[in-house]
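Visitor: Mind having a look at this structure? Questions to follow.
The values are calculated or read from the model by the stated rules, or taken from the named source; none is laboratory data. Everything numeric here is computed off the predicted structure, so don't read it as measured data. Cβ placement follows ideal geometry from the backbone for every residue including glycine, while neighbour counts extend to all protein chains displayed. Each accessible area value is taken on the protein alone, full model and side chains, heavy atoms only, with ligands, DNA and RNA left out. Shrake-Rupley method; radii C 1.70, N 1.55, O 1.52, S 1.80 Å.
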Amino acid sequence: MAMLYEETLYSKWIIALLVPPLVAMSIGLYMSLSTGQAVTVMVVAMGVTVAVVLESMAIRIRVYEDRILITGYMGFMIRKGVKLDEIEWFAVREGWTSCPAKIHFTLPARACVYLKRRKGWDVSFSTNRPEEITEVLRSLGVQRGA
């Protein structure tokens with residue numbers, strides 16, 4: 001199965017907001033190691049915090065021949081797949097906040113893509129390359145809607 005489109009969105013501001021928890025956890029881990037108390041708790045807490053921060057710092061959009069896959073940076077917590085035959089139509093809208101889907105993957109970007117599904121909740125996601133994703137989805141036979 002060939003990948004036809006891939007995009008990874010980052011936000012410098014989101015990453016800047018996520019750095020303080022990592023610094024605080026690192027200090028806590030150091031203090032825990034130096035005193036010898038609650039080391040296991042701090043190691044587990046640090047591991048979970050790092051995993052959540054890495055997962056939430058970016059969104060990856062991949063379009064395959066049969067589906068669209070939207071994941072977090074590492075793809076183990078934030079993950080949504082939409083089969084192309086489930087999509088009734090799609091729309092590309094200006095601004096990353098202009099898609100009102102129930103499931104919305106968003107980071108600051110130029111536009112958003114709204115996927116109207118035949119069954120189930122609609123899905124939308126941000127993109128910095130709306131022209132490319134429009135071309136790919138139209139080439140796969142997905143109708144463009146409102």
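Visitor: Over the heavy atoms of LYS80, what accessible area does a 1.4 Å probe trace out, to the nearest 10 Å²?
Guide: 50 Å²
Visitor: With a 1.4 Å probe and all protein chains kept in place, how do TRP13, TRP96, TRP89, TRP121 rank by accessible area, largest first?
Guide: Result of the area sort, largest leading: TRP13, TRP121, TRP96, TRP89.
Visitor: When the convex hull of the C-alpha atoms of segment 1-120 is computed, what volume per residue in Å³ does it have? Walk me through the intermediate numbers first.
Guide: Working: hull volume 15.0 nm³, N = 120.
Spread over its residues, the Cα hull of segment 1-120 gives 125 Å³ apiece.
Visitor: Specify the residue with the greatest mean-square fluctuation among TYR73, TYR30, TYR64, computed from a Gaussian network of the chain linking alpha-carbon atoms under 10 Å apart.
Guide: Of the options given, TYR30 has the highest mean-square fluctuation.
Visitor: Let me ask another. Can you give me the distance in nm between label points at ARG138 and VAL50, each placed 7 Å from the Cα along the Cα-to-Cβ direction?
Guide: Taking the simple label geometry, ARG138 and VAL50 are separated by 4.6 nm.
Visitor: Rg/Rh for segment 50-146: what does it come to with C-alpha atoms and Rh from Kirkwood?
Guide: Working: Rg = 12.7 Å, Rh = 13.4 Å.
Value, to two decimals: 0.95.
Visitor: Oh, and also: Do any GluC sites (Glu not before Pro) in segment 1-77 lie in a loop, going by DSSP, with at most 12 other beta-carbon atoms within 10 Å of their beta carbon, and if so which?
Guide: On the way: sites: GLU6, GLU7, GLU55, GLU65; in loops: GLU65.
Passing sites in segment 1-77 are GLU65.
Visitor: Sticking with this structure for a sec: Given the whole protein assembly as supplied and a 1.4 Å probe, what does the accessible area of ASP85 come to in Å², nearest 10?
Guide: 110 Å²
Visitor: Would you mind working out the magnitude of the charge dipole of the chain relative to its Cα centre, with +1 at each Lys and Arg C-beta and -1 at each Asp and Glu C-beta, to the nearest 20 Debye? Could you put the intermediate results ahead of the total?
Guide: On the way: 17 positive and 13 negative charges, 62 e Å.
Dipole size: approximately 300 debye.
Visitor: Starting from 0.36 nm per residue, how many nanometres of slack lie between ALA38 and LYS12 once their C-alpha separation is accounted for? Each step should come with its number before you reach the end.
Guide: Values: separation 26, 0.36 × 26 = 9.36 nm, distance 3.32 nm.
Once the chain is fully extended between ALA38 and LYS12, it gains 6.0 nm.
Visitor: Under 10 Å, Cα contacts only: if you run a Gaussian network model on the chain, which one of THR106, THR127, THR40 comes out with the highest mean-square fluctuation?
Guide: Of THR106, THR127, THR40, the most mobile in the Gaussian network model is THR40.
Visitor: With a ≥ b ≥ c taken as the square roots of the eigenvalues of the C-alpha gyration tensor of segment 36-80, please select rounded if a/c is under 1.5 and otherwise prolate if a/b is larger than b/c or oblate if it is not? Please list the in-between numbers first.
Guide: Working: a/c = 6.43, a/b = 4.06, b/c = 1.59.
Prolate, since a/c reaches 1.5 and a/b exceeds b/c.
Visitor: Also, I was wondering about something else. Measuring from the lowest to the highest alpha carbon on each principal axis, how far does segment 1-42 reach, largest first, in angstroms?
Guide: If we take the Cα atoms of segment 1-42, the spans are 52, 29, 11 Å.
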